[in-house]
Amino acid sequence: MRVWIWMAPLLLAGCTGSYTPTPLTEKQAAKLEKALDGKVAGEKMSCINRQPQTNLTVISNNVLLYRVNNRLIYKNELIGSCSGLVYGDTMIVRSFGSQLCRGDMTTTANLLTGMTSGACALGDFIPYRTPGK
């Protein structure tokens with residue numbers, strides 16, 4: 001019992017560290033640039049609507065793109081790293097209501113083995129739109 005009381009402050013201190021995302025590889029950066037080519041970034045948003053036509057593209061274990069249509073893509077930089085996304089693991093989002101929001105908890109899992117591979121939270125959503133003509 002004494003050991004746990006002594007270790008509690010150390011365990012809590014470990015949870016307060018800051019997260020530094022892994023930089024994109026050249027291949028990932030090129031994939032991101034190609035997906036956002038010709039689009040202009042807008043003001044970040046805390047939430048977006050869940051839409052059946054929204055397609056998810058994994059850029060890295062901490063950068064996702066939600067494609068609403070050819071003119072609108074949302075970029076999301078995850079808080080934490082959902083290891084396994086780049087290897088095809090499935091993302092499971094725990095959200096409430098009809099929107100995806102910053103802070104919604106996410107885990108990744110390998111559906112073949114049933115093992116979870118990572119945990120993170122959604123970050124802000126940055127809209128990228130094709131400018132009007």
Item checked: Yes/no for Thr107 being out of contact with any Asp or Glu (no Cβ under 9 Å at 6 or more places or on another chain) and either free of Cβ contacts under 8 Å to residues at least 24 places away in the same chain or of a type in the set (S, T, N, Q) (or both) -> yes
Next item on the list: For region 70-81, indicate whether the set of residues that are open to solvent by less than 10 Å² (accessible area, probe 1.4 Å) and free of Cβ contacts under 8 Å to residues at least 40 places away in the same chain is non-empty.
Entry: no
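May I ask you to say which residue of Ser81, Ser117 is farther than 15 Å from Cys47 by Cα, of a type outside the set (Lys, Arg) and touching a Pro at 6+ places or on another chain (Cβ under 8 Å)?
Unique residue meeting the criteria: Ser81.
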Check: Can you spot a residue in region 39-60 that is modelled with pLDDT of 95 or more, surrounded by 11 or more Cβ atoms within 10 Å (Cβ to Cβ) and among the charged types (D, E, K, R)?
Finding: yes
Check: For region 21-44, does any single residue satisfy the condition of being of a type in the set (Ser, Thr, Tyr) and closer than 15 Å to Asp124 by Cα?
Finding: no
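The values are calculated or read from the model by the stated rules, or taken from the named source; none is laboratory data. Because the structure is a prediction, the values reported are computed rather than measured. A quick note on method: Cβ atoms are made from the backbone with ideal geometry, for glycine too, and the neighbour counts reach across all protein chains shown. For accessibility, only protein heavy atoms count, side chains too; no ligands or nucleic acids. Shrake-Rupley method; radii C 1.70, N 1.55, O 1.52, S 1.80 Å.
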